[in-house]
Structures are given as C-alpha cells and as structure tokens.
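Engineer: Here's a structure for you.
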Amino acid sequence: MRTPESTLTDPDELIRFGRVVSVDHAAGKCVVEIDEDLQTGPIRWAAPRMGETRVWCPPAIGEQVLVLCPAGEIGAAIAIGGIACNAFPVPGNSAMPLIQFKDGAVLSYDPESHTLALAMPDGGKVALTGDLTVSGKVEAGEDVTAAGISLKSHKHGQVQAGSAQSGTPL
C-alpha cells in the first residue's frame, strides 16, 4: 500500500476521486480512500466559508469527494465534497436551494414565492435561543403555549357573564 507521504508524479493523479473513510470532527480533518491501495492521512476539507463567517458542514463517511494534491503531495491534499453518488443521491429535483439532513429534516428557500420552509421528521423539534421578533401575523395549526399557559384552552377565573371583561391571564 502506498503511504500518505507518497508523491504523485503523474499529472492525472493531482486531482482524484475518493471516498471518505473517517472523519475527525475535533481536528477538522478526514481520511480519504483514493484507490484500494492508497489512503490519505488526515487532510482538511474545503468549506463554503472559513473567514469571519464560517460554515461547519463536515463530510460524511462514504461521501464521494475530489482530492486535490498540490504539487502531487498527498500529505498536503484537500478534500472537496458535494459529489452525488449512489450512497448519497441528489436531495432535490428543482432549482430551489435546500439542505437535507441525515434524519430527513429539510431546510429550503423558494425565491419565487419568498418562502423559507423547515420540514421536521416525526419527533423533530425546533429550538431557538434569544428573543424572537415577528412583524406580521403568526399562525398555528394546533396551539400556542407561553410560560405553560395554553392560548387555545386556558380559562380566566373571577369573571361574570355579560359585558364584563376578564383581567390578563395569570
């Protein structure tokens, strides 16, 4: 087996297809199998952004990638992912951008209708931290609960029938 320290001398080997065989999330590196007899050492993967704005989207084991070997040095290689394959087929069939997650959740944006959509799998939850400000109406198909009080089924005490109004909810 050739080692990760190998130098590729054939110009056709400077850019190769490979398959991710391990991922070290803490180090931000992955190992890629290029041929049956050749794996890279831990190499970096390219991300959409890594400046003041950073996007964390590590490759998955089994994902097909391009391996770029500057000057033929496998040890200096970089993995570039996002190549559809049988194990990971394309997630959509239109021009609408989307992100599909392992559990089936999908985040998409339709620029024609100006709609941002988040589809969660059964049991999925959305968690927000911080204040949420909405300008416009909010619609809920089921119920809204705030501080344990149901908007749909809460009751007000100390009211009388007729034209009287209750106080604010407790």
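Engineer: Return the residue satisfying two criteria in turn: it lies in the stretch 125-163 and is modelled with pLDDT of 80 or more, of a type outside the set (Gly, Ala, Ser) and farther than 29 Å from Val106 by Cβ, and of such residues it is surrounded by the most Cβ atoms within 10 Å (Cβ to Cβ).
Structural biologist: Filtering the stretch 125-163 for residues that are modelled with pLDDT of 80 or more, of a type outside the set (Gly, Ala, Ser) and farther than 29 Å from Val106 by Cβ, the one surrounded by the most Cβ atoms within 10 Å (Cβ to Cβ) comes out as His154.
Engineer: Can you find, within the stretch 75-124, the residue that is surrounded by the most Cβ atoms within 10 Å (Cβ to Cβ) among those that are of a type in the set (D, E, K, R) and within 15 Å of the chain's Cα centre (by Cα)?
Structural biologist: Asp103
Engineer: Among the numbered criteria (1) of a type in the set (Asp, Glu); (2) touching a residue at least 60 places away in the same chain (Cβ under 8 Å); (3) farther than 23 Å from Ala46 by Cβ, which single criterion is violated by Glu73?
Structural biologist: Of (1) of a type in the set (Asp, Glu); (2) touching a residue at least 60 places away in the same chain (Cβ under 8 Å); (3) farther than 23 Å from Ala46 by Cβ, only one is false for Glu73: (3).
Engineer: How many residues are open to solvent by 40 Å² or more (accessible area, probe 1.4 Å) and over 18 Å from the mean Cα position of the chain (by Cα) when one looks only at the stretch 52-74?
Structural biologist: 6
Engineer: For residues in the stretch 9-43 being part of a loop (DSSP other than H, G, I, E, B) and surrounded by 12 or more Cβ atoms within 10 Å (Cβ to Cβ), which is modelled with the lowest pLDDT?
Structural biologist: Step by step, filter the stretch 9-43, then rank; the result is Leu14.
Engineer: Within the stretch 106-122, how many residues turn out to be assigned to a loop (DSSP other than H, G, I, E, B), of a type outside the set (Asp, Glu) and at pLDDT below 95?
Structural biologist: Looking only at that region, the number is 3.
Engineer: Condition test on Ser166, is it farther than 28 Å from Pro59 by Cα, among the small types (Gly, Ala, Ser) and surrounded by 11 or more Cβ atoms within 10 Å (Cβ to Cβ)?
Structural biologist: Values: farther than 28 Å from Pro59 by Cα: yes; among the small types (Gly, Ala, Ser): yes; surrounded by 11 or more Cβ atoms within 10 Å (Cβ to Cβ): yes.
Judged against the criteria, Ser166 is a match.
Engineer: Continuing with the same structure: What is the one condition in (1) surrounded by 15 or more Cβ atoms within 10 Å (Cβ to Cβ); (2) at pLDDT 95 or above; (3) of a type outside the set (A, V, I, L, M) that Ser6 does not satisfy?
Structural biologist: (2) is the only condition that Ser6 fails.
Engineer: Let me ask another. If you check Ser113, Ser108, which single one turns out to be hydroxyl-bearing (Ser, Thr, Tyr) and within 21 Å of Pro48 (Cα to Cα)?
Structural biologist: Answer to the selection: Ser108.
Engineer: While we're here: Looking only at the stretch 44-71, filter to residues that are part of a strand (DSSP E or B) and touching a strand residue (DSSP E or B) at 6+ places or on another chain (Cβ under 7 Å); which one of those is nearest to Cys85 (Cα to Cα)? Steps first, please.
Structural biologist: We begin by selecting, within the stretch 44-71, every residue part of a strand (DSSP E or B); these are 44-45, 50, 54, 64-68.
Checking the rest, the ones that are also touching a strand residue (DSSP E or B) at 6+ places or on another chain (Cβ under 7 Å) come to 44-45, 64-68.
Values: Arg44: 21, Trp45: 18, Gln64: 7, Val65: 10, Leu66: 12, Val67: 16, Leu68: 19 Å.
Looking at the filtered set, the residue picked out is Gln64.
Engineer: A further question follows. Could you check how many residues of the stretch 77-103 are among the hydrophobic types (A, V, I, L, M, F, W, C), over 12 Å from Gly18 (Cα atoms) and free of Cβ contacts under 8 Å to residues at least 24 places away in the same chain?
Structural biologist: Residues meeting the conditions: 7.
The values are calculated or read from the model by the stated rules, or taken from the named source; none is laboratory data. Predicted, not measured: the structure shown is a model, and the values here were computed from it. Positions of Cβ are generated from backbone atoms using ideal geometry, with glycine treated the same way; all protein chains shown enter the neighbour counts. In case anyone asks, the SASA skips ligands and DNA or RNA and just uses the protein heavy atoms, side chains included. Shrake-Rupley method; radii C 1.70, N 1.55, O 1.52, S 1.80 Å.
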